[in-house]
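Since the structure comes first, as structure tokens, the remarks are kept for the end.
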Amino acid sequence: MMKKVLAGAALAALSLNAFAADYSDGDIHKNDYKWMQFNLMYAVNQLPQADDSHTGHDYLEMEFGGRSGFLDLYGYVDVFNLSNDSEQDMNAGASKMFMKFAPRFSLDAITGIDMSYGPIQEVYFSTLFNWGGGMMDVGQGTGYVDENGFDKGGDVNNSFWGIGADVMVPWLGKTGMNLYSLYDINAKDWDGYQFSMNWFKPFYFLENGSFVSFQGYVDYQWGVDDSFAALKTDKGGAAFFGLYWHSDRFAAGYGLKGFKDVYGLKDGGLAGDTTGWAHYFSITYKI
């Protein structure tokens, strides 16, 4: 999952020339834009996985985002194992789709107040929703529950609620940061906190107008309910570091993703392997 991979030279220019939001003229649509792209991906060692299931898998990702007035939007839909190859770790018995939907609502635009301060460019009420994917859970979802009460097939149904900001970071430039509280919709319960940040940094430009970018994200959770010690820990996270070549219509690249008790799942516990490194290869067509 590439997550927050901005598309096109125009958005690269936005990241290089970021400025504090100013809606004092009442025009909240002056910075509007939108984008969509299709990423054909292959993942090796994506976690969590059972100990004997590290074969890799292909997937198609429709990724989209943009800005419309007070709404800043990012999202994607993944379709796994396009050929239904039983040898892949996301095989024919696994969930086929996963969706991430992340709307943020600009408090600057809604209130008309300039909330920028120092490196902070704009402030948001931030939300995030994760749906599907057949991620392992306990006693939730609609999948098969084994003799330990461990649900191997239930889909994720998580929501995150909090505050966010666009922050100018040395060299990286404009970086999205969000601090959330997690509400598990399946369990009907609050379950810890998450800090997320994402960036898109063009750093090498070719004469034909294409460029190479360093892009990625960090998600870190803590305060997770670890009362079921065979499955959960109280903290965990993941970080993605990618190098991508971009032209106006195409992109291609490689990403390295590190996991540490990802989603608060205990490494070597009932969820299998949840700590390690994964590799992602992608080619992209931009709409």
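Does segment 217-246 hold any residues that are among the hydrophobic types (A, V, I, L, M, F, W, C), under 12 Å from Gly192 (Cβ atoms) and buried (at least 19 other Cβ atoms within 10 Å of the Cβ), and which are they? Before you say what the answer is, go through the steps one by one.
So the first thing to find is which residues in segment 217-246 are among the hydrophobic types (A, V, I, L, M, F, W, C), and the list is 218, 222, 224, 228-231, 238-241, 243, 245.
With the extra rule that they be under 12 Å from Gly192 (Cβ atoms), the set shrinks to 222, 224.
Result: Val224, single match.
Identify all residues within segment 41-90 that are in a loop (DSSP other than H, G, I, E, B), of a type in the set (A, V, I, L, M, F, W, C) and more than 15 Å from the chain's Cα centre (by Cα); write none if there are none.
Correct list: Ala50, Phe70, Leu82, Met90.
From (1) closer than 21 Å to Gly56 by Cβ; (2) not in a strand (DSSP E or B), pick out the condition that doesn't hold for Ala230.
Condition not satisfied by Ala230: (1).
Tally the residues that are assigned to a strand (DSSP E or B) and free of Cβ contacts under 8 Å to residues at least 60 places away in the same chain, restricting the search to segment 239-287.
Taking segment 239-287 first, the residues assigned to a strand (DSSP E or B) are 239-246, 250-260, 265, 269, 272-273, 276-286.
Narrowing the set further to residues that are free of Cβ contacts under 8 Å to residues at least 60 places away in the same chain leaves 239, 241, 243, 245, 250, 252-254, 256, 258, 260, 269.
The qualifying residues number 12.
On the basis of being in contact (Cβ under 8 Å) with a residue 40 or more places away in the chain, of a type in the set (Ser, Thr, Tyr), surrounded by fewer than 19 Cβ atoms within 10 Å (Cβ to Cβ) and over 30 Å from Leu270 (Cβ atoms), does Ser116 make the cut?
Here the answer is yes, as Ser116 does meet what is asked.
Just to be sure before I move on: is Gln46 modelled with pLDDT under 95, buried (at least 19 other Cβ atoms within 10 Å of the Cβ) and not basic (Lys, Arg) in the structure I sent?
Yes.
Taking segment 109-152 only, how many residues are modelled with pLDDT under 50, touching an Asp or Glu at 6+ places or on another chain (Cβ under 9 Å) and assigned to a loop (DSSP other than H, G, I, E, B)?
Keep residues of segment 109-152 that are modelled with pLDDT under 50, which gives 136-152.
This time we only want the ones that are touching an Asp or Glu at 6+ places or on another chain (Cβ under 9 Å), so: 136-145, 150-152.
Still in the running and assigned to a loop (DSSP other than H, G, I, E, B): 136, 139-144, 152.
So the answer is 8.
Looking for whichever is in a strand (DSSP E or B) and aliphatic (A, V, I, L, M) here; the options are Val224, Val212. Which one fits?
The conditions single out Val212.
Being assigned to a loop (DSSP other than H, G, I, E, B) and closer than 22 Å to Gly216 by Cβ is the filter here, so list the residues in segment 166-195 that pass it. Lay out the reasoning, then the answer.
Residues of segment 166-195 assigned to a loop (DSSP other than H, G, I, E, B): 170-172, 185-188.
Matches in segment 166-195: Pro170, Trp171, Leu172.
The values are calculated or read from the model by the stated rules, or taken from the named source; none is laboratory data. Just so it is clear, the model here is predicted, and its values are computed rather than measured. With ideal geometry, Cβ positions are generated from the backbone for all residues, glycine too; neighbour counts draw on all protein chains shown.
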